[in-house]
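Accompanying notes for the structure given below.
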Amino acid sequence: MKFVPAILLALLISGCESTYYNAMEKVGYHKREILVDRVADAQSSQQQAQQQFSSALEELQVLTQFDGGDLEEVYDQVSSQYKKSQSSAEEVSSRIDKVASVADALFEEWQQELSEYQSDSLRKQSEQRLKDTQVQYQQMLTTMRRAESSMEPVLRRLKDNELYLKHNLNAQAVGAIGSEFTQLEGEIEALIIEMQAAIDESKRFISTLN
């Protein structure tokens, strides 16, 4: 496969998105509605991520209380939770990117259409509405991105634990992981709070569009 320059790839993706928006508008499904749906999807993915990271933490807590048994089986559970957490994080990022894509398209279209008004009064009202919506959107997006960035250090720590346990299936490994559990617990709790803030912001933003 030949290398595709990043700029060209971005243009190709943008072109696909534009084609999609145009096709959807022909059947009466406009960018505003797509944005609402994508924000709702992002909200759902964040809720699922909250649950998944909580499950990963619970699995590690079980590990720290390990008192005999099959460590290989325990490792398989820890590894599975890490992979599920990674998948959840990727889904959150993908959903946020899709929100940003349609929001940019919507705001660009909205700005361009201001020049089509014959009524100065209606144009000014629409322009103010655009500005207000952009401010609310930016606040939501910032909160979403902050929650997204909080996932990375947690994933790295989960991966460290998974790798360490993989190569050291013994009581000493369990003890080493247990010594870091409190810090990981704090990071996941902070992440869940960040996620909830993003979820709450997305609900407020959807209410303004509806």
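The values are calculated or read from the model by the stated rules, or taken from the named source; none is laboratory data. All values derive from a computational prediction rather than experimental measurement. Counting neighbours? That spans all protein chains shown, and the Cβs are built from the backbone with ideal geometry, glycine included. With ligands, DNA and RNA removed, areas are computed over all heavy atoms of the protein, side chains included. Shrake-Rupley method; radii C 1.70, N 1.55, O 1.52, S 1.80 Å.
Summary table below
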quantity: Verdict on residue 122 being part of a helix (DSSP H, G or I) and touching a Leu at 6+ places or on another chain (Cβ under 9 Å); calculated: no
quantity: Inter-residue pairs, beta-carbon under 6 Å, first under 20 Å from residue 192 (Cα atoms) and free of Cβ contacts under 8 Å to residues at least 40 places away in the same chain and in the range 150-178, second part of a helix (DSSP H, G or I) and open to solvent by less than 50 Å² (accessible area, probe 1.4 Å), 6+ apart; calculated: 157/184
quantity: Yes/no for residue 136 being over 20 Å from residue 210 (Cα atoms), under 23 Å from the mean Cα position of the chain (by Cα) and open to solvent by less than 70 Å² (accessible area, probe 1.4 Å); calculated: no
quantity: Only listed residue being part of a helix (DSSP H, G or I), touching a Lys or Arg at 6+ places or on another chain (Cβ under 8 Å), surrounded by 15 or more Cβ atoms within 10 Å (Cβ to Cβ) and in contact (Cβ under 8 Å) with a residue 24 or more places away in the chain, chosen from 198, 147; calculated: 198
quantity: Some residue of the range 152-169 being out of contact with any Gly (no Cβ under 7 Å at 6 or more places or on another chain), closer than 16 Å to residue 43 by Cα and either of a type outside the set (S, T, N, Q) or at pLDDT 95 or above (or both); calculated: no
quantity: Qualifying residues in the range 28-82 (those that are closer than 25 Å to residue 156 by Cα and β-branched (Val, Ile, Thr)) - the one least open to solvent (accessible area, probe 1.4 Å); calculated: 78
quantity: Residues satisfying the stated conditions in the range 174-188, i.e. of a type outside the set (Ser, Thr, Tyr) and loosely packed, with under 13 Cβ neighbours inside 10 Å; calculated: 175, 183, 186
quantity: Flag for residue 19 being out of contact with any helix residue (DSSP H, G or I) (no Cβ under 9 Å at 6 or more places or on another chain), among the hydroxyl-bearing types (Ser, Thr, Tyr) and open to solvent by 30 Å² or more (accessible area, probe 1.4 Å); calculated: yes
quantity: Options 118, 111, 125; residue that is of a type outside the set (Phe, Trp, Tyr), more than 27 Å from residue 188 (Cα to Cα) and either touching a residue at least 12 places away in the same chain (Cβ under 8 Å) or open to solvent by less than 20 Å² (accessible area, probe 1.4 Å) (or both); calculated: 111
quantity: The range 162-173, residues that are in contact with a Leu (Cβ under 9 Å, 6 or more places away or on another chain), open to solvent by 10 Å² or more (accessible area, probe 1.4 Å) and assigned to a helix (DSSP H, G or I); calculated: 171
quantity: From 65, 77, 52, 81, residue being in contact (Cβ under 8 Å) with a residue 60 or more places away in the chain and out of contact with any His (no Cβ under 9 Å at 6 or more places or on another chain); calculated: 81
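Conditions (1) of a type in the set (Lys, Arg); (2) modelled with pLDDT under 90; (3) not in a helix (DSSP H, G or I), marked per residue:
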residue: 42; (1), (2), (3): no, no, no
residue: 59; (1), (2), (3): no, yes, no
residue: 81; (1), (2), (3): no, no, no
residue: 84; (1), (2), (3): yes, no, no
